[in-house]
1. Using modelled amide H (1.01 Å from N, peptide plane; none on Pro or chain starts), what sits under 5 Å from the amide H of Q122, excluding residues fewer than 5 places away?
2. With each pseudo-label sitting 7 Å past Cα toward Cβ, what's the R56-S102 distance in nm, one decimal?
3. From the backbone phi of region 101-111, what are the Karplus-calculated ³J(HN,Hα) couplings (6.51 cos²θ - 1.76 cosθ + 1.60, θ = phi - 60°) in whole Hz, Gly and Pro given as x?
4. Given H placed on each backbone N at 1.01 Å, which residues far from V142 in sequence or on other chains put an amide H within less than 5 Å of it?
5. Which order results if K49, K162 are arranged by neighbouring Cβ count within 10 Å, fewest first?
6. Could you give each residue of region 75-82 its phi-based ³J(HN,Hα) in whole Hz, using Karplus coefficients 6.51, -1.76, 1.60 with θ = phi - 60°, and x for Gly or Pro?
7. What ranking, highest mean first, results for peptides 100-111, 127-138 when packing means the other Cβ atoms within 10 Å averaged over each residue?
8. Sorting W164, W124 on the 10 Å Cβ count, fewest up front, what's the list?
Amino acid sequence: MKHALALAALASCLTNAAHAAPPPPPVPENLLTCRKLQDDSERVRCYDKEIEKLTRSAAPPSLPSTAAATKESAAAQFGQDTLPAAARPKTPAEDQLALISSITAMRAVAPQIYVISLSNGQVWRQEQASQTALFFRVGDNVRIERGALGSYHMSTDATGGKNWVRVTRIQ
């Protein structure tokens, strides 16, 4: 019996080892060559040069030249992943931490549930009844942030960042 338990424990360990994380990707040969240089400054220059080559070859396509155009483009795309598939633009969405806008209109669709129009043209629907939304007013600045599992949270300056409502972009 003792041997059977020992064998089961050994088999378990071997199984866990077989399912361990995959090995890291191989280090490019040109970086391994840099490692062999004896002089510290030469080695650092070699690494810098090779890393620059690697990042240039993996760089994304160039973005619009002006920061304002980039900011407007990102704001227009924010939350579009919650739009119906037919209404989504065909370009990939830019990841953004938060959207800042202001409320231009609010329409109640149920007790304590609103459809909220923003100054940037987007329309968001509150997902759940919440007393926090009672403090939202037309003209208030709002902040919409990504939440867990693809959700979005809307808050105002008056409610603070910890008092938010879950919203979904509908337009």
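1. none
2. Those two pseudo-labels are separated by 4.6 nm.
3. 7, 9, 7, 9, 7, 9, 10, 6, 10, 6, x
4. HN-HN under 5 Å from V142: S101, S102, I103.
5. Working: K49 12, K162 8.
Fewest to most other Cβ atoms nearby, the residues stand as K162, K49.
6. 5, 5, 8, 4, x, 5, 5, 8
7. 127-138, 100-111
8. Values: W164 21, W124 25.
Fewest-to-most Cβ neighbours within 10 Å comes out as W164, W124.
Read the figures in this text as sums done on the coordinates, not as results from a lab. Keep in mind the model is a prediction, meaning the values are calculated, not measured. No Cβ is skipped: glycine too gets one built from the backbone with ideal geometry, and neighbour counts run over all protein chains shown.
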